[in-house]
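This report concerns only the one structure given below.
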Amino acid sequence: MYNPIFVLTTFPLGEVACQIGGLSLHETMHLGIVALAAFLSAISLIAYIRDRRRRLLYVCAAFLLFASKELLMLLNVLHSYEWYVIVPIIYAPLDHVFSFLILLLFAIGVLKR
């Protein structure tokens, strides 16, 4: 039985769906982002342990938060969950809060002396 690793399908309206190892391209991208963010988080944690500069800890936290956000998005895509959660105190969607905190942590990590 032939099981292709990469399949490209065209739909009637011109949309294209790619399959990579049984996952859609969209799912594969989320999985790759989670893996890359986790890897960069580990690298920045190792750098923090070596240098003890607090700014690297902020960068590590930002990458961890980014990996967490993308993992939630991957679960949403894979299982059709709706995780559109509104944070009660500020009435903002959870993914927007994650994005804001990620950027804030990166800014602190870059701008901190």
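The values are calculated or read from the model by the stated rules, or taken from the named source; none is laboratory data. This is a predicted model, so every value here is computed, not measured. Don't worry about glycine lacking a Cβ; one is built from the backbone with ideal geometry, like all the others, and counts go over all protein chains shown.
Of note:
- Selected residue (only one of Leu78, Leu74, Leu31, Leu101 is at pLDDT 95 or above and assigned to a helix (DSSP H, G or I)): Leu101
- Scope the range 17-48; condition surrounded by fewer than 19 Cβ atoms within 10 Å (Cβ to Cβ) and under 15 Å from Gly109 (Cα atoms); matching residues: Leu40, Ile43, Leu45, Ala47, Tyr48
- Pairs, first in contact (Cβ under 8 Å) with a residue 24 or more places away in the chain and among the hydroxyl-bearing types (Ser, Thr, Tyr) in the range 17-46, second part of a helix (DSSP H, G or I) and crowded, with 17+ Cβ neighbours inside 10 Å, C-beta under 7 Å, six or more apart: Ser41/Cys60; Ser41/Phe63; Ser41/Leu64; Ser41/Ala67
- Matching option when the condition is free of Cβ contacts under 8 Å to residues at least 12 places away in the same chain and within 20 Å of Glu27 (Cα to Cα), among His79, His96: His79
- So Ile108, is it outside any helix (DSSP H, G or I), of a type in the set (A, V, I, L, M, F, W, C) and over 30 Å from Ser24 (Cβ atoms): no
- On the stretch given as the range 54-77, residues that are surrounded by fewer than 18 Cβ atoms within 10 Å (Cβ to Cβ) and hydroxyl-bearing (Ser, Thr, Tyr) total 1.
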